[in-house]
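Values in this text are rule-based calculations from the coordinates and carry no lab data. Nothing here was measured: the structure is a model prediction, and the numbers come from that model. Cβ placement follows ideal geometry from the backbone for every residue including glycine, while neighbour counts extend to all protein chains displayed.
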Amino acid sequence: MEIKIQSYRISDFPSHFTTENYSVVLWKGSGVFSVNDINYLYKEYNILFLSPYQKLKLVSETDENIDVLLFHGDFYCIEYHKEEVACNGLLFNNIYLNPGIELSKENYEYILELFNHIKKEETENHQFSQSIIKTYIQLIFAICSKQKSGIENSSVIKEKLPNKYAVEFQKLLEGNFKNEKELSFYSDQLNITNNTLSKVVKKEFSKTPTQLINERIILESKKLLHLTYRSIKEIASELGFDDEFYFSRYFKKAVGCSPKQYREKVGISVVAKMSI
């Protein structure tokens, strides 16, 4: 399957949703969703962006319709199109941001209409269908990137200045996650206790420092498995694991499948193929 839209009632939505595809989940209502066991409140009109093998649970106070756009990385490569719609790192693959967006009613209804157009093209499957569907997907990403970027840069957000320790932790993590996997390294660098660092990071990102460290390693693992032809042994070494088998166990515990299985299911991106 390269592209598909699945529709459910929320009451019939899988209790543990995960797939080897990229997923765009569109629904309305209020309640709580969790991605990789991190909880987020939602209300009104919502859209959520999931990368392969992220795990979604959804608890709703109402029983509305929910539509899920699924596409394989071979059909639409977000890395290849990242400059056009800014989706990679904003909508997908950012461990520091909420993976969902509260949409305006207007944008929700417009994106729902685009979903319906994609369904129609998928059914008709004529010679131009794939190009048309890719254009619709790109339009969805552009709309949501614009709205999310606007939210992140709004004056309301700016009034709430981020905690300086949380900001410094993020910088340290980005520069050291491959070799430094212990919380104590980061608290020592910031000259604060583990407990203080945990509190400020959890308040800022809704995740503990340890969760962010693990998520950053897994995010990079997925990137190297999908965007390069490097062997699993080479990837393990690059990420600071002396033992590729320990790396495989670490990855499987977090993702639910081995690195080998992940690469088989998700595939190697056209970006890697173009760099040969």
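Note that the range 257-271 has calculated 3J(HN,Hα) couplings of 8, 6, x, 4, 5, 4, 5, 5, 7, 7, x, 9, 5, 4, 4 Hz, one per residue in order, obtained from phi through the Karplus relation 6.51 cos²θ - 1.76 cosθ + 1.60 (θ = phi - 60°); glycine and proline are x.
Note the angle between two axes, namely the Cα long axis of helix 194-205 and the longest principal axis of the Cα atoms of the chain, as a number of degrees from 0 to 90, rounded to the nearest 10. Tilt of helix 194-205: around 20 degrees.
Springs between Cα atoms under 10 Å define the GNM used for the chain, and in it the highest mean-square fluctuation of TYR246, TYR76, TYR229 occurs at TYR246. Expressed as a fraction of 2.2 N^0.38 Å, the C-alpha radius of gyration for the chain is 1.04. 3J(HN,Hα) couplings calculated from phi for the range 214-223 with the Karplus curve 6.51 cos²θ - 1.76 cosθ + 1.60 (θ = phi - 60°) are, in sequence order, 5, 5, 5, 5, 5, 4, 5, 4, 4, 4 Hz; Gly and Pro show x.
The rule of thumb for compact globular proteins, 2.2 N^0.38 Å, goes into the C-alpha radius of gyration of the range 3-156 0.99 times. For the range 164-274, just say rounded, prolate or oblate: build the C-alpha gyration tensor, square-root its eigenvalues into a ≥ b ≥ c, call rounded for a/c under 1.5, and beyond that prolate if a/b exceeds b/c, oblate if not. Prolate. So which of LYS164/LYS252; LYS134/LYS178; LYS134/LYS202; LYS57/LYS207 end up more than 28 Å apart, counting from Cα to Cα? Over 28 Å apart, Cα to Cα: LYS164/LYS252; LYS134/LYS178; LYS134/LYS202. Proximity of backbone amide H atoms, modeled 1.01 Å from N, is registered between GLN54 and THR19 at under 5 Å, excluding neighbours fewer than 5 places apart on the same chain. For the pairs LYS28/LYS120; LYS82/LYS171; LYS119/LYS146; LYS55/LYS119, flag any whose C-alpha to C-alpha distance is greater than 27 Å. The pairs that break the limit, which is 27 Å between Cα atoms, do not exist here.
Projecting the Cα atoms of ASN179, SER34, THR18 onto the charge dipole of the chain, computed from C-beta unit charges around the Cα centre, puts ASN179 farthest toward the positive end.
Phi-derived couplings, Karplus 6.51 cos²θ - 1.76 cosθ + 1.60 at θ = phi - 60°, listed residue by residue for the range 140-150: 4, 5, 5, 4, 6, 4, 4, 5, 5, 4, x Hz, with x used for Gly and Pro. Efficiency by 1/(1 + (r/R0)^6): what FRET value for LYS164 and LEU139, r their Cβ-Cβ distance, R0 = 30 Å, to the nearest 0.05? Calculated transfer efficiency: 0.20.
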